[in-house]
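Report on one structure; see the data block that follows.
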Amino acid sequence: MGHPWSDDEIARLPVGSARAELLEEIMNSTDSADRSGRRADVEADATSRRATRWLVPLAAAAVVAALATAPVWWPDGDGGRDGEVAATPPSPSAPTGVAYRAVLVDASGWTLNGVADDADGGEIDYERGQESLEVHWREAGDYTGYVEDRSDIGPATDTELAGLPALQWSYDARDHTTIRDVQDGFFLEVRGSGMDLGSYTELLGQLRMATAEEFQASLPEEYVTDAERADVVAEMLQGIADAAAPNPVRPTPADGSEPAPITSTEVERYNLGADVAGTVACEWIAAYESARESGTSETLSQAQQVLSTSRQWPVLQEMAGEGDYPRVIWQISRRAQTGQPIGEYAQGVC
């Protein structure tokens, strides 16, 4: 039976090298009108850093680790229920004031496939044999749309998920999804595949709320905790700086101030690397485009030089074995070396 994909899931598909090859073909095209049309079709979902996650293989073997207790991290909140599948989400109760919470799976044998976390939501994926567990947290404003979309499957079943009322549907006998009520501006959706309804229901009963500290403590070594992130970002930046020398690692802002610190909430090294390398690359891409338009040859040359070193950036070399984000930066760099405009191509990384 075919898998019933939602728009959100399609946007997250890790299509990897095939799509990167198509992007390369588009970049190398000499017909600007035709190229722009194909680019609009292929990269319509790449208007933000989150939309570029098609370049991140959530199931990369390098980040899979066996967990006795598998963590699920999501923005915290507190919510109630109005008892109806209505046009508006359930009315939330007072916020708890806690920045994040986590849901832990009290079941053995699950492996962590990947984590993506942004200010507006995120996702964590697990598997156990042929079973998979996807956990999404999304902003409250999207609640109604997701409930209406899932309602196309059929009538919802009232249930409970991690202490709050929830609605549940089954795509088929071995594929089920549950949407939890809004809590402090976010709602949770859990999807279990490869398991019958009884096993899925049992799994939902093994989800429990925990603190952000518990989540951090349960992360495998391959992941980056809050306490480690600043040092890892500094290490990644130093590698870029060494490759870019004698040019500065980041261009000076137009007002002469220091570049803003690079911030990220990512716990997966690949995603964190995309935030770091992407910030640096995008700043130089912006400097290149500005200098190209204004005719400032010195800045143009410096931007070209730094972008030309991107193949030597250790963070991108590390990421290249797991996904295609580095390849897109390298393709953009190649355009810069020949003096071509970058424009909308930067949407693939910026």
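Taking 0.36 nm per residue of separation and subtracting the Cα-Cα distance, what length does fully extending GLU258 through ALA234 add?
Working: separation 24, 0.36 × 24 = 8.64 nm, distance 1.57 nm.
Extending this stretch completely gives an extra 7.1 nm.
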Distance between modelled label sites at GLN317 and THR211, nm, 7 Å Cα→Cβ extension:
4.1
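For the stretch 118-218, what's the relative contact order in percent, using C-alpha pairs closer than 8 Å and at least 6 residues apart?
Values: 160 pairs, mean separation 25.2, N = 101.
Relative contact order comes out at 25 percent.
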Relative contact order of the stretch 224-348: what whole-number percent is it, with Cα pairs under 8 angstrom and at least 6 residues apart?
26
Label-point separation in nm, GLU160 to GLU293, each point 7 Å along Cα→Cβ:
5.7
Can you pull the one-decimal nm distance between simple spin-label points at SER301 and ILE153, each 7 Å off the Cα toward Cβ?
6.1
What is the gain in length, in nm to one decimal, between SER308 and ASP120 on full extension, counting 0.36 nm per residue of separation less the C-alpha to C-alpha distance?
64.4 nm
So how compact is the stretch 224-348: Cα radius of gyration and Dmax in angstrom?
14.1, 44
By how many nm would the segment from GLU222 to SER108 grow when fully extended, if each residue of separation counts as 0.36 nm and the alpha-carbon distance is taken off?
39.1 nm
With R₀ set to 30 angstrom, the calculated FRET efficiency between the beta-carbons of ASN247 and GLU344, to the nearest 0.05, is 0.70
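Rule-based calculations on the coordinates, nothing more; no lab input. This is a predicted model, so every value here is computed, not measured. Please note: Cβ atoms are built from the backbone with ideal geometry, for glycine as well, and neighbour counts cover all protein chains shown.
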